[in-house]
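Asks: I'd like to ask some things about the structure below.
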Amino acid sequence: MLGLNLTEQSATPEFKLGTIFKDIGTDGPCKTYKYIQYDAGTAAAVGVAGEVAYYMAIVANTNVVTSDLSDSNSLGAGVLQAAMIDQYYGWVQIGGPATLTIALTAGADGNALTPVGATDGTLDVSALVTDPICAYADDASAMTILCCFPE
């Protein structure tokens, strides 16, 4: 997709929700992105670029995400690529290395990460085999992760 700006958001959809874009990166690592709609949730949580978003609990559509963990189904959706406004459309990174703008709730390099036990916009170390894993800590102190969010 030539000219695609992953940090833009729009009031109306510019792509089909759920569209997957793979950036094979000629000068860097491969990264994968998904087109989503942002929902601020009951806490009116503003979407912050570089924070983790989660799939909304009350929505059957798996392309609607929020930064409000209490309104989610505790499944990570991806890392927001823009500061998202309620009901706007944009991109989350779902695959490859990413740098978060908020520290992990806990963890060390190599740990499996999950929204379970985390705070809004971040991830925590997986404690149970039933925790949905969506990333791995690459360099926990530098807030870098390896994304493996579901498509």
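Asks: I need a count of the residues in the stretch 48-83 that are aliphatic (A, V, I, L, M), outside any strand (DSSP E or B) and either over 14 Å from Q37 (Cβ atoms) or over 12 Å from the mean Cα position of the chain (by Cα) (or both).
Replies: Within the stretch 48-83, residues that are aliphatic (A, V, I, L, M), outside any strand (DSSP E or B) and either over 14 Å from Q37 (Cβ atoms) or over 12 Å from the mean Cα position of the chain (by Cα) (or both) number 8.
Asks: Give the residues of the stretch 98-130 that are open to solvent by 40 Å² or more (accessible area, probe 1.4 Å) and not in a loop (DSSP other than H, G, I, E, B), sorted by residue number.
Replies: Those that are open to solvent by 40 Å² or more (accessible area, probe 1.4 Å) and not in a loop (DSSP other than H, G, I, E, B): T99, V125.
Asks: So which residues in the stretch 67-82 are open to solvent by 10 Å² or more (accessible area, probe 1.4 Å) and modelled with pLDDT under 95, if there are any at all?
Replies: The answer is L69, S70, D71, S72, N73, S74, L75.
Asks: Still on this model: Are there any pairs, at least 6 apart or on different chains, whose C-beta atoms fall under 6 Å, with the first in the stretch 108-131 and under 17 Å from A77 (Cα atoms) and the second of a type in the set (S, T, N, Q) and at pLDDT below 85, and if so, which?
Replies: As it stands, the answer is A118/T105; T119/T105; T122/T105; D124/T105, since those pairs meet every condition given.
Asks: Scan the stretch 9-40 for residues that are open to solvent by less than 20 Å² (accessible area, probe 1.4 Å) and polar (S, T, N, Q) and jot them down.
Replies: Of everything in the stretch 9-40, those that are open to solvent by less than 20 Å² (accessible area, probe 1.4 Å) and polar (S, T, N, Q) turn out to be S10, T32.
The values are calculated or read from the model by the stated rules, or taken from the named source; none is laboratory data. These numbers were taken from a predicted model, which means no experiment stands behind them. Neighbour counts are summed over all protein chains in view; Cβ atoms, including those assigned to glycine, are modelled from backbone coordinates with ideal geometry. Just so you know, the surface numbers come from the protein's heavy atoms only, side chains and all, with ligands and any DNA or RNA stripped out. Shrake-Rupley method; radii C 1.70, N 1.55, O 1.52, S 1.80 Å.
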